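Read the structure below first, then the notes.
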Amino acid sequence: MGYVDVSAVRHTLSDGRVLLDDVSFRIGEGARAALVGENGAGKTTLLRIISGDLAAEAGSIARTGGLGVMRQFIGSVRDDTTVQRMLVDLAPPAVREAWHAVEAAELAMMETDDEPTQMAYANALAHWGDVGGYDIEVTWDTVTVAALGVPYDRCKYRELNTLSGGEQKRLALECLLRGPDEVLLLDEPDNYLDVPGKRWLEERLLDTRKTVLFVSHDRELLARVADRVVTVEGGTAWVHGGGFVSYHAARTARHERLAELRRRWDEEHQRLIDLVRTLQQQAANSPDMANRYHAMQTRLAKFEAAGPPPERPPEQKVSMRLRGGRTGVRAVIVEQLELTGLMQPFDLEIFYGDRVGVLGANGAGKSHFLRLLAGQSVAHTGDWRLGARVVPGFFAQTHAHPEWQDRTPVDLLWHGEPGRPGVDRGRAMAALRRYGLAEAGEQPFRTMSGGQQARFQILLLELSGATLLLLDEPTDNLDVLSAEALEEALDAFDGTVLAVTHDRWFARSFDRFVVFGADGRVYESGEPVFDEARVQRAR
Amino acid sequence: MTLAVPPTVPDPSVRSAVCRLSQEFPELRPRSIVLVVRTCREELRGSPTDALPELVERLARQRLRVSLG
């Protein structure tokens, strides 16, 4: 089994800011460690340093057992990368190199079919066999059957952009968990997975004997899987040796301890300064005190040279003020509604103040239903209407706003849009500050992290004066703290909330659940239902 | 008489290549074709078994073409 040992790692950003300093921890054999921290704290950078993608400015990384890395972008691949290419990229380096050599030899043979080229091809194939390439192909076959339900030969040239985000993630996870690498770095492995997919992931991570370091914002997954928690905050990292359940208490205790140590250091510092001043005055009058004065000066210099203990990390302040307002008693009325080809007709009444979780299978029409209520064009039959004074505000999944990509948050706030008046720069910046977005105010939307984009969308809802919130996976990209701030804001919101979510922790804060079944049936449940099967589509 | 190439244990790659190349090159004596194919098989020793038939046949075809000018 493998381990990872991170020792005194330091990384400085291109603008000179120190992102990580003196980061040291060890993930021992067979451990399942969660890496948590606010959006932008440096989690992905740390993973890139451990995986060797990025060179640390100082410090060292030691590891054994072969390293398998699942990067965050898997799940959102939109280019022409094929299934085969992704599996090759996830393979150990020797296999990757051998595969590239075979591919180069094949291309050479298409151009020149002479004896040296043929021998080179034969050598490349022999090397492919030597590094275990044929065995890996058998594993890939198992992987594609498990993840996609089709053999490797039938899907290896299929482009990833024809797979859903969940299928892309599942494919990569199956590959890494069945592969030879003993240490796995997984950057948000649960993103894009539906709840049965997340449960599958939890079981596999609990079963595996590999050493796993994973980044996740899913509190349920963290609570079930992690046996230790590495926190990146305040420019460094620390390890909580227990699970996520006891993590909050441990973090609070650590912060209090750091604050106490700092307070004691400041007191001692002030005491030494006062002593030096007193002795300085006494030395001026009494030459006998000169030696004591110089000794005290030396002691103060040594104390200052040793430096203060680390500061308590600043708390991320996210303050969401979703106000809403009183509407008619019936907020949403749906009669015999059917989204074309997605479901059977259903009736639904949602009342002012309801908190409705919209759950169910992937591909069953949940997001389309929210878009319809938001006033967008969605093919349907049957009838639906909003109650008196109901103003819908729609939170889309973060990639659903191509028109925002090159605009900055300040620009988007300044100009407003239909239904949301623009605000002046001062008010815009104040609002961005409340959402922890002041530094991202002038950067294009597309360069913001997923969490920043999500928080910005919630800010737009706040400014729109919506009384009916339609939220499509709002916590998917939010760090734990921001997700908790959103829950508090929704709790205080005076209005009606419909949210599509696969976040089990978040779903517990709702009181009604509408379930979109895989069989096309839409029904209501008093409890969250997460085990609806995936909607089967022709492959 | 000493053979130029040690006899190769008959295997499917040799058999299938000899059979096809004999039809493809009727102007050559079968013995010459067998010799070339066996030489190629020996040189490609260590290649993956499943790939051998194709590799042997391609290489032997190339050499036979060259010998015919």
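Within region B:13-30, restricting attention to residues that are within 30 Å of A:Tyr134 (Cα to Cα) and out of contact with any helix residue (DSSP H, G or I) (no Cβ under 6 Å at 6 or more places or on another chain), which residue is nearest to the other protein chains (Cβ to nearest Cβ)?
We begin by selecting, within region B:13-30, every residue within 30 Å of A:Tyr134 (Cα to Cα); these are B:13-21.
Remaining after also requiring out of contact with any helix residue (DSSP H, G or I) (no Cβ under 6 Å at 6 or more places or on another chain): B:15, B:19-20.
Values: B:Arg15: 19, B:Cys19: 20, B:Arg20: 16 Å.
Across region B:13-30, the extreme among qualifying residues is B:Arg20.
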Among the candidates A:Ile49, A:Ile61, which residue alone is touching a residue at least 12 places away in the same chain (Cβ under 8 Å), assigned to a helix (DSSP H, G or I) and not assigned by TED's automatic domain parsing to the domain that holds A:Arg154? A:Ile49
Which residues, counting only those in region A:417-474, are loosely packed, with under 15 Cβ neighbours inside 10 Å and among the acidic types (Asp, Glu)? A:Glu417, A:Asp424, A:Glu439, A:Glu442
Consider region A:281-292. How many of its residues are in a helix (DSSP H, G or I) and either touching a strand residue (DSSP E or B) at 6+ places or on another chain (Cβ under 9 Å) or among the polar types (S, T, N, Q) (or both)? 4
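Per-residue answers, yes or no, for (1) at pLDDT 90 or above; (2) more than 30 Å from A:Pro196 (Cβ to Cβ); (3) not aliphatic (A, V, I, L, M):
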| site | (1), (2), (3) |
| --- | --- |
| A:Gln118 | yes, yes, yes |
| A:Gly149 | yes, no, yes |
| A:Leu160 | no, no, no |
| A:Cys175 | yes, no, yes |
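Residues that are under 18 Å from A:Val329 (Cα atoms) and hydrophobic (A, V, I, L, M, F, W, C): find the strands (runs of 3 or more DSSP E) completely inside region A:349-396 holding 2 or more of those.
On the way: elements: A:355-360, A:380-386, A:392-395.
Answer list for region A:349-396: A:380-386.
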Residue list for region A:131-144, filter: free of Cβ contacts under 8 Å to residues at least 12 places away in the same chain and within 11 Å of chain B (Cβ to nearest Cβ): A:Tyr134
Matching residues, region B:46-69, being more than 8 Å from chain A (Cβ to nearest Cβ) and outside any helix (DSSP H, G or I): B:Gly69
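Residue-wise test of (1) under 30 Å from A:Gly235 (Cβ atoms); (2) touching a helix residue (DSSP H, G or I) at 6+ places or on another chain (Cβ under 8 Å).
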site	(1), (2)
A:Arg262	yes, no
A:Leu279	no, yes
A:Leu300	yes, yes
A:Arg323	no, yes
A:Thr327	no, no
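Could you run through region A:103-124 and say how many residues are in contact with a helix residue (DSSP H, G or I) (Cβ under 9 Å, 6 or more places away or on another chain), within 12 Å of chain B (Cβ to nearest Cβ), part of a helix (DSSP H, G or I) and of a type outside the set (A, V, I, L, M)?
The initial filter retains those residues of region A:103-124 that are in contact with a helix residue (DSSP H, G or I) (Cβ under 9 Å, 6 or more places away or on another chain), namely A:103-106, A:108-109, A:111, A:113-115, A:117-124.
If we keep only those that are within 12 Å of chain B (Cβ to nearest Cβ) as well, we get A:105-106, A:109, A:113-115, A:117-124.
Now drop any that are not part of a helix (DSSP H, G or I), which leaves A:105-106, A:109, A:115, A:117-124.
Imposing the further condition that a residue be of a type outside the set (A, V, I, L, M) reduces the set to A:106, A:115, A:117-118, A:121, A:123.
So the answer is 6.
Select from region A:328-346 the residues that are assigned to a loop (DSSP other than H, G, I, E, B) and over 35 Å from the mean Cα position of the chain (by Cα) and list them in ascending order.
Pass one, region A:328-346, residues assigned to a loop (DSSP other than H, G, I, E, B): A:328-329, A:340-345.
Across region A:328-346, the qualifying residues are A:Gly328, A:Val329, A:Pro345.
This table checks each residue for (1) part of a helix (DSSP H, G or I); (2) modelled with pLDDT of 90 or more; (3) surrounded by fewer than 19 Cβ atoms within 10 Å (Cβ to Cβ).
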{"position": "A:Arg199", "(1), (2), (3)": "yes, yes, yes"}
{"position": "A:Arg204", "(1), (2), (3)": "yes, yes, yes"}
{"position": "A:Val212", "(1), (2), (3)": "no, yes, no"}
{"position": "A:Ala237", "(1), (2), (3)": "no, yes, no"}
{"position": "A:His255", "(1), (2), (3)": "yes, yes, yes"}
{"position": "A:Ala259", "(1), (2), (3)": "yes, yes, yes"}
{"position": "A:Arg271", "(1), (2), (3)": "yes, yes, yes"}
{"position": "A:Leu275", "(1), (2), (3)": "yes, yes, yes"}
{"position": "A:Leu279", "(1), (2), (3)": "yes, yes, no"}
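Anything in region B:29-45 that is surrounded by fewer than 12 Cβ atoms within 10 Å (Cβ to Cβ) and outside any loop (DSSP other than H, G, I, E, B)? List them, or say none.
The answer is B:Arg31, and nothing else.
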Might you check whether a residue that is of a type in the set (S, T, N, Q) and either in contact with a Phe, Trp or Tyr (Cβ under 7 Å, 6 or more places away or on another chain) or part of a helix (DSSP H, G or I) (or both) occurs anywhere in region A:303-321? no
Given the structure, is A:Phe73 among the aromatic types (Phe, Trp, Tyr), within 21 Å of the chain's Cα centre (by Cα) and surrounded by fewer than 22 Cβ atoms within 10 Å (Cβ to Cβ)? yes
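For region B:31-45, enumerate the residues that are in contact with a helix residue (DSSP H, G or I) (Cβ under 6 Å, 6 or more places away or on another chain) and either facing chain A (nearest Cβ under 9 Å) or under 16 Å from A:Asn123 (Cα atoms) (or both). Walk me through how you get there before you give the answer.
Our first condition is that a residue be in contact with a helix residue (DSSP H, G or I) (Cβ under 6 Å, 6 or more places away or on another chain); within region B:31-45, this holds for B:33-34, B:36-37, B:40-41, B:44.
Across region B:31-45, the qualifying residues are B:Cys40, B:Arg41, B:Leu44.
Go through region A:87-98 and give me each residue that's crowded, with 18+ Cβ neighbours inside 10 Å, assigned to a helix (DSSP H, G or I) and away from chain B (no Cβ under 14 Å). Full working, then the answer.
Quick first cut of region A:87-98, residues crowded, with 18+ Cβ neighbours inside 10 Å only: A:87-88, A:90-91, A:95, A:98.
If we keep only those that are assigned to a helix (DSSP H, G or I) too, we end up with A:87-88, A:90, A:95, A:98.
Residues satisfying the conditions are A:Leu87, A:Val88, A:Leu90, A:Val95.
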Residue check for A:Leu459: assigned by TED's automatic domain parsing to the domain that holds A:Ser509 and either outside any loop (DSSP other than H, G, I, E, B) or more than 16 Å from the chain's Cα centre (by Cα) (or both): yes
Failed item in (1) outside any helix (DSSP H, G or I); (2) in contact with an Asp or Glu (Cβ under 9 Å, 6 or more places away or on another chain); (3) closer than 14 Å to A:Leu90 by Cα, with A:Leu186 passing the rest: (2)
Taking the residues in region A:392-412 that are closer than 18 Å to A:Ala466 by Cβ and out of contact with any Leu (no Cβ under 7 Å at 6 or more places or on another chain) as candidates, determine which candidate is modelled with the lowest pLDDT. A:Ala400
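The values are calculated or read from the model by the stated rules, or taken from the named source; none is laboratory data. Everything quoted here is computed from the prediction, not taken from an experiment. No Cβ is skipped: glycine too gets one built from the backbone with ideal geometry, and neighbour counts run over all protein chains shown.
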